[in-house]
Amino acid sequence: MDEESLSQARHRMVTEHLRGRGISDLRVLAAFENVPRHRFVPPELRASAYDDAPLPIGYEQTISQPYIVALMSELMRLTGTERVLEVGTGSGYQAAILAQLAAEVHTVELLPALAERARQTLEDLGIQNVYVHCADGSLGWPVAAPYQGILVAAAAPAVPPPLLEQLDDGGRLVIPVGMSTRGSQQLEVWLKQGSHLERANILPVAFVLLRGKHGWK
């Protein structure tokens with residue numbers, strides 16, 4: 001597909017799969033219009049880049065379904081001034097979307113090859129407010145804490161305590177929790193207000209599993 005065809009496919013994705021399924025935050029919709037998802041998938045899958053489906057990116061990992069990326073981004077309720085943390089960089093696509101919505105993004109990836117590939121893709125696209133770190137994401141990234149928002153792109157057995165500790169007062173944590181068994185993961189949103197934590201269940205999801213000290217063994 002040429003660039004014009006890819007651009008048209010991206011617009012259809014936003015109109016049909018995002019706006020058409022209830023994503024209404026105009027900043028989120030604009031971010032999806034601006035970020036070329038086809039740059040984050042393997043070359044042989046570029047024709048499928050704007051399908052509303054996850055795609056393999058190697059190393060038994062995937063780039064998430066656009067609707068789920070949009071929903072999680074919308075649930076963060078970002079205004080553009082925040083410093084946010086992403087756990088599970090993967091392809092770098094979610095980080096690129098967050099870069100459009102927040103002031104500063106720190107993203108942590110356990111696998112060195114994926115971290116380097118994502119870093120290169122973000123650099124090639126001229127995205128300068130994303131910092132890619134290769135480390136155990138279940139421990140967060142305490143150097144840059146606190147974060148006004150944290151998004152976890154892999155399913156944890158429970159919310160990792162370091163992430164709640166690194167969440168700023170008034171901050172929101174969006175995370176899938178549960179096992180890989182079909183229908184056993186739930187997308188959760190946590191709101192931190194002082195020492196009080198509120199949790200809301202959003203919908204069932206299917207993510208790769210979070211690895212690391214506070215992930216699945």
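Just so you know, all these numbers are worked out from the coordinates, no wet-lab data involved. Since the model is a prediction, treat every value here as computed from it, not as a measurement.
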Output the relative contact order of region 62-210, whole-number percent, from Cα pairs under 8 angstrom with separation of 6+ residues. 20
Can you give me the pair-distance distribution of region 41-167, C-alpha pairs, 5 Å bins, whole percents? 2, 11, 22, 24, 23, 12, 4, 1, 0
Per its Cα gyration tensor (rounded if a/c is under 1.5, else prolate when a/b beats b/c, else oblate), region 1-104 is best filed as oblate
Which distance in Å, rounded to a whole number, links the C-alpha centroids of region 1-40 and region 144-169? 28
Quick one: length gained pulling Arg77 to Ala113 fully straight, 0.36 nm per residue minus the C-alpha distance? 9.9 nm
Is the chain best put as rounded, prolate or oblate by its Cα gyration tensor, with a ≥ b ≥ c the root eigenvalues, rounded for a/c under 1.5, and otherwise prolate when a/b is larger than b/c, oblate when not? rounded
